[in-house]
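To start, the structure itself, in structure tokens.
Derivation of every value follows stated rules applied to the coordinates shown; laboratory data play no part. Bear in mind that the values here come from a model prediction, so they are computed numbers and not experimental data. As a convention, Cβ positions derive from the backbone with ideal geometry for all residues, glycine included, and neighbour counts pool all protein chains shown.
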Amino acid sequence: MVFASEPAETLLSATDKINLMNLDQKALEAFVQVIGGKPFHGRNLLKWIHRLGVVDFDAMTDLSKSLRERLKQVAEIRVPEVVFDQPSRDGTHKWVMQLECGNRVETVFIPETGRGTLCVSSQVGCSLNCSFCSTAQQGFNRNLSVAEIIGQVWVAARRMQKPVTNVVLMGMGEPLANFDAVVSAMAIMQNDLAYMLSKYRVTISTSGIVPALKRLREVSDVTLAVSLHAPDNELRDQLVPINRKYPLELLLPACRDFIRGDKRRKITWEYVMLDGVNDSDRQAKQLIRLLEGTPSKVNLIPFNPFPGSSYRTSSPERILAFRDRLMRAGIRTMTRKTRGDDIDAACGQLVGRVQDRSRRELSVVSSLVRENRP
Ligand code: SAH
């Protein structure tokens with residue numbers, strides 16, 4: 001796998017062609033210089049690939065013929081293959097993309113009035129094991145490359161009539177556990193030659209890997225959503241096990257630090273509504289206390305059930321009562337609409353029915369590899 005952070009010389013020494021989808025602006029500029037071009041050719045490439053959706057070097061008319069020939073020898077533009085393209089009754093759209101090594105990953109487009117939000121995956125599976133999430137059941141498979149993450153945006157931008165105005169890294173996986181690839185992909189999303197999304201329109205959702213959050217603040221400027229789901233450590237330890245390593249007293253200050261200096265910013269706290277687990281009035285009060293002094297929005301997510309889960313979603317009345325308490329305390333609170341549940345595209349359902357097949361395929365591939373090993 002080739003990553004944008006590798007020096008261009010290393011990229012060139014690889015025997016395979018370089019997939020330019022893996023390269024952000026800096027990496028493309030470095031790469032073209034190695035093959036005899038100028039940095040601006042790198043910027044041209046970025047625009048051709050991402051803004052214009054062109055994957056054929058011959059069509060890139062502002063590059064010299066000799067540079068195009070060289071590019072054809074050493075590089076390619078490989079986008080994820082869509083194997084499944086399913087619209088939902090409510091306009092939500094899900095794609096399953098085939099990756100190398102038999103893996104598959106899911107991407108969801110949610111059209112709303114005046115905006116189109118793309119929910120992007122960052123890993124195949126997830127290692128964090130949150131007890132209410134179906135992706136967790138799949139276990140961790142591997143990180144996605146830059147090409148595979150930005151490729152999801154590339155595909156959606158080409159296939160939908162409505163523009164992608166927002167990207168949320170809320171699909172499969174924990175984005176901060178795939179740090180370098182996610183940072184490069186987000187840089188391409190925000191680049192004016194590519195998808196032109198402002199820092200307020202690219203949202204990373206994390207369960208709270210505190211050291212990575214601190215690093216992210218140094219290298220990237222994006223909007224932050226945090227999967228909170230509980231107002232105290234005892235319950236959060238059970239629901240979001242990474243809390244045992246990075247408890248609330250570390251997480252909260254790191255989040256406040258993340259938005260420091262930008263008065264427009266708030267943290268979005270995601271809070272899945274689990275019947276009888278985290279949805280009482282007492283817990284709403286605890287939550288209000290916890291968030292005091294932190295510019296916050298709360299997103300209540302009705303639990304989306306999946307086979308084998310023992311949780312139930314809170315009743316609409318309970319969700320409303322919980323929300324009212326927060327609102328009365330001055331916290332902007334939204335209830336996330338469940339979208340695309342008829343196609344298994346709702347939060348925590350991404351893994352889908354194809355997952356079994358993809359695991360089967362993966363085990364076939366790994367056994368083939370084992371069998372053919374010298
Ligand atoms: N790893 C990232 C992205 C996860 S998915 C994170 O933890 O933030 C995006 C959101 O969906 C998270 O808040 C996650 O906790 C929530 N979620 C997961 N499973 C869910 C389910 N079954 N029902 C509702 N929300 C769920």
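Exceeding 20 Å between C-alpha atoms, which entries from my cross-link table qualify? They are Lys199/Lys297; Lys199/Lys285; Lys94/Lys337; Lys214/Lys266; Lys199/Lys245; Lys38/Lys72.
Violating the 20 Å limit, Cα to Cα: Lys199/Lys285; Lys199/Lys245.
Give the long-range amide H neighbours of Thr313: residues separated by 5 or more places, or on another chain, with amide H under 5 Å away, using H modelled in the peptide plane at 1.01 Å from N.
Excluding prolines and chain starts, which carry no amide H, the hits are Asp275.
Could you sort 324-332, 133-141 so that the peptide with the highest average Cβ count within 10 Å comes first and the rest follow in order?
So the order, starting with the most tightly packed, is 133-141, 324-332.
Just to check I understand the Karplus step: with θ = phi - 60° and J = 6.51 cos²θ - 1.76 cosθ + 1.60, what whole-Hz values come out for region 214-219, glycine and proline as x?
So the Karplus estimates, Gly and Pro as x, are 5, 5, 4, 4, 6, 10 Hz.
Considering only C-alpha atoms, what is the centroid distance from region 256-314 to region 169-217, in Å?
Cα centroid to Cα centroid, the span is 21 Å.
Defining a contact as two alpha carbons under 8 Å apart and six or more residues distant in sequence, what relative contact order in percent does the chain show?
Computed value for the chain: 14 percent relative contact order.
For a quick check: with amide H placed at 1.01 Å from N, whose amide H comes under 5 Å from Glu81's, ignoring anything fewer than 5 positions away on the same chain?
Gln98
Assign one of three labels to the chain, namely rounded, prolate or oblate, based on the Cα gyration tensor with a ≥ b ≥ c the square roots of its eigenvalues; rounded applies when a/c is under 1.5, prolate when it is not and a/b is larger than b/c, and oblate otherwise.
It comes out prolate by the Cα gyration axes.
Could you pull out which residues in region 69-112 have an amide N less than 19 Å from a spot 7 Å beyond the Cα of Arg332, following the Cα-Cβ vector?
112
Of all beta bridges DSSP finds with both residues in the chain, what is the antiparallel percent, to the nearest 5? Numbers along the way, then the final one.
Numbers: 21 of 47 bridges.
DSSP beta bridges in the chain are roughly 45 percent antiparallel.
Would you kindly derive the ³J(HN,Hα) couplings of region 101-112 from the backbone phi angles with the Karplus curve 6.51 cos²θ - 1.76 cosθ + 1.60 (θ = phi - 60°), listing them in order in whole Hz, with x for Gly and Pro?
Karplus-based 3J(HN,Hα) across region 101-112 equals 6, x, 6, 10, 9, 10, 9, 10, 10, 10, x, 9 Hz.
Using just the helices of the chain, give the 222 nm mean residue ellipticity in deg cm²/dmol: DSSP H runs with n ≥ 4 each add -39,500 (n - 2.57), and the total is spread over all residues, rounded to 500.
It lands at -11000 deg cm²/dmol.
Most mobile of Thr206, Thr333, Thr107 per a Gaussian network model of the chain (Cα springs, under 10 Å)?
Thr333
Which far-off residues, 5 or more places away or on another chain, put their amide H under 5 Å from the one on Arg104, with H placed in the peptide plane?
Here the answer is Leu99, since their amide H atoms fall under 5 Å of that of Arg104.
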